[in-house]
Amino acid sequence: LSHASLLRPSDIISTVEFNHTGELLATGDKGGRVVIFQREPESKNAPHSQGEYDVYSTFQSHEPEFDYLKSLEIEEKINKIKWLPQQNAAHSLLSTNDKTIKLWKITERDKRPEGYNLKDEEGKLKDLSTVTSLQVPVLKPMDLMVEVSPRRIFANGHTYHINSISVNSDCETYMSADDLRINLWHLAITDRSFNIVDIKPANMEDLTEVITASEFHPHHCNLFVYSSSKGSLRLCDMRAAALCDKHSKLFEEPEDPSNRSFFSEIISSVSDVKFSHSGRYMLTRDYLTVKVWDLNMEARPIETYQVHDYLRSKLCSLYENDCIFDKFECAWNGSDSVIMTGAYNNFFRMFDRNTKRDVTLEASRESSKPRAVLKPRRVCVGGKRRRDDISVDSLDFTKKILHTAWHPAENIIAIAATNNLYIFQDKVNSEMH
């Protein structure tokens, strides 16, 4: 278990993402910075040290901008980070704020050339009359330097705020989605993108739903899904048509009329959608639940898990303090057997799909001493209270875990709790407990 702490409002973490091997972990924050952590190799002297993530590189990805045509400030906050599959020794990632996506290359240098013929040690050109012999420059070891350079800037593709980016399995293209449109980009071409979904009505007064998230299928480069504020998922096939306004499949759960209330539509809005690693299932998060959908069954989810059902009676006050609009993310473990999502009071939830057991854990300073064991937490609603139970009325709604990530192969999770990043590791076994 390790823990990094930051302090200012601009340090509030807005996205967390492991790379494809899990050796690197990137976080983006409201100040437009990206911090990359690298996992330390296991040493013979300290066998428990493996799994510790240390800061590898920090760089400013986005700056605040101003759109003079619309008199709008564009904040620097990083909305999403996505790693590209590694092609060579360098690492690459995409980062986006509300409007502009950038491709960054991260390289290491641990040697420097010395002994030039025409330049001195400081790089200045020598007086050629003093050069009397030729020498072969040599590479000398130096302290490791991590260099981050912007490779491409993909701008002017979105009128509305970008909510998600997803790299295609073809490793050549990626898509970006805003409230009303999804664009397909080629990683090598910055000056144009193809619009593949457009749900903007001719008259904006007819607008009934917006796109909330989107993702490419992990194995089939022609398939992608996008979720909506009405709680539906649309699976699209790019082989069918250039513009995927007509979906191939619509996943939607029929509403139970007995549960209908003023808040029904708000709490049914999907805040995140993730394909399973196998590509067979989709995981969605709405305000109160996480659901697992089978790609072969559109009528209803195959599993529904209550994240914090005790808040159902509190929706009125959550609407008044705007918490009802919070967008929680969800994550699969490497084998698609356990799912994780965040909640309030710095709680996060895990659901084991096989045993149907679930647990509530807390990311807090108290539990973040190295090698401390996380104790399960319980929220009680009225009635009898056990020792250590937390009353639903004493939950802190300003402490929310919106962003989480799971290592692609191991039981290591990254939890963003406001401006703190917590990394928890299951040291005992590979099963969730």
> How big is region 9-105 on each of its three principal axes, counting only the C-alpha atoms and giving the largest first in Å?
Replying inline: 60, 32, 15
> Normalised by the residues of region 9-105, what does the relative contact order come to in percent, with Cα pairs under 8 Å and at least six apart?
Replying inline: 23
> Among rounded, prolate and oblate, which fits region 339-401 when a ≥ b ≥ c are the square roots of the eigenvalues of its C-alpha gyration tensor, a/c under 1.5 means rounded, and a/b larger than b/c means prolate?
Replying inline: rounded
> Quick one: Cα convex hull volume of region 226-325, Å³ per residue?
Replying inline: 117
>> Is there a quick way to get the dipole size of the chain? I mean about its Cα centre, with the Cβ of Lys and Arg at +1 and of Asp and Glu at -1; what is the value in debye to the nearest 20?
In response: 840
>> If you average the alpha carbon positions of region 142-218 and of region 11-39, how far apart do those two centres end up, in angstrom?
In response: 19
>> Using only the heavy atoms of the protein chains and a 1.4 Å probe, how would Met204, Met282, Met297, Met142 rank by accessible area, largest first?
In response: Met204, Met297, Met142, Met282
> Which of Ser337, Ser129, Ser271 moves the most in a Gaussian network model of the chain with Cα springs under 10 Å?
Replying inline: Ser129
>> I need the shape label for region 246-402. Rule: rounded when a/c is under 1.5, else prolate if a/b > b/c, else oblate, with a, b, c from the alpha carbon gyration tensor.
In response: oblate
> Hey, in the chain, which Cys have no second cysteine's beta-carbon closer than 4.7 Å?
Replying inline: Cys171, Cys221, Cys316, Cys323, Cys330, Cys380
>> Under the 0.36 nm per residue contour assumption, what length would be gained going from the current alpha-carbon distance of His220 and Thr132 to full extension?
In response: 25.5 nm
>> Along each principal axis of its Cα atoms, how long is the chain end to end? Whole angstroms, biggest number first, please.
In response: 93, 58, 42
> In nm, to one decimal, how far is the Gln86 label point from the Asp326 one, both placed 7 Å along Cα→Cβ?
Replying inline: 3.5
> Rank Leu361, Leu207 by accessible area, highest first, at a 1.4 Å probe radius?
Replying inline: Leu207, Leu361
> Using the beta-carbon distance between Ile153 and Glu121 and R0 = 35 Å, what value does 1/(1 + (r/R0)^6) give for FRET efficiency, to the nearest 0.05?
Replying inline: 0.50
> For region 310-325, in order, what is each residue's ³J(HN,Hα) by Karplus, 6.51 cos²θ - 1.76 cosθ + 1.60 with θ = phi - 60°, in whole Hz (x at glycine and Pro)?
Replying inline: 5, 8, 4, 7, 10, 4, 4, 6, 5, 6, 5, 9, 6, 5, 4, 9
>> Taking 25 Å as R0, compute the FRET efficiency from the Cβ-Cβ separation of Arg385 and Tyr319 and round it to 0.05.
In response: 0.40
>> Sequence gap at least 6, Cα distance under 8 Å: using those rules, report the relative contact order of the chain to the nearest whole percent.
In response: 12
> Using +1 on the beta carbon of Lys and Arg, -1 on that of Asp and Glu, and nothing else charged, what's the dipole of region 9-105 about the Cα centre, debye to 20?
Replying inline: 300
> Suppose R0 equals 41 Å; then what is the FRET efficiency for Leu69 and Met142 from their Cβ-Cβ distance, rounded to the nearest 0.05?
Replying inline: 0.30
> Considering only protein heavy atoms, what per residue accessible area in square angstrom results for the chain with a 1.4 angstrom probe?
Replying inline: 52
> For the chain, modelled as a Gaussian network with Cα springs under 10 Å, which listed residue fluctuates most, Ile13, Ile106, Ile182?
Replying inline: Ile106
> Between Ser92, Ser227, Ser317, which gets the highest mean-square fluctuation from a Gaussian network model of the chain, Cα cutoff 10 Å?
Replying inline: Ser317
>> Out of the total accessible area of the chain (probe 1.4 Å, heavy atoms of protein only), what percent is carbon and sulfur?
In response: 51
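The values are calculated or read from the model by the stated rules, or taken from the named source; none is laboratory data. Remember, predicted model here, so these are calculated numbers, not experimental data. All Cβ positions, even for glycine, are placed from backbone atoms using ideal geometry, and neighbour counts span all protein chains on display. The protein model used for the area step is the full one, side chains on, heavy atoms only, and it has no ligands, DNA or RNA in it. Shrake-Rupley method; radii C 1.70, N 1.55, O 1.52, S 1.80 Å.
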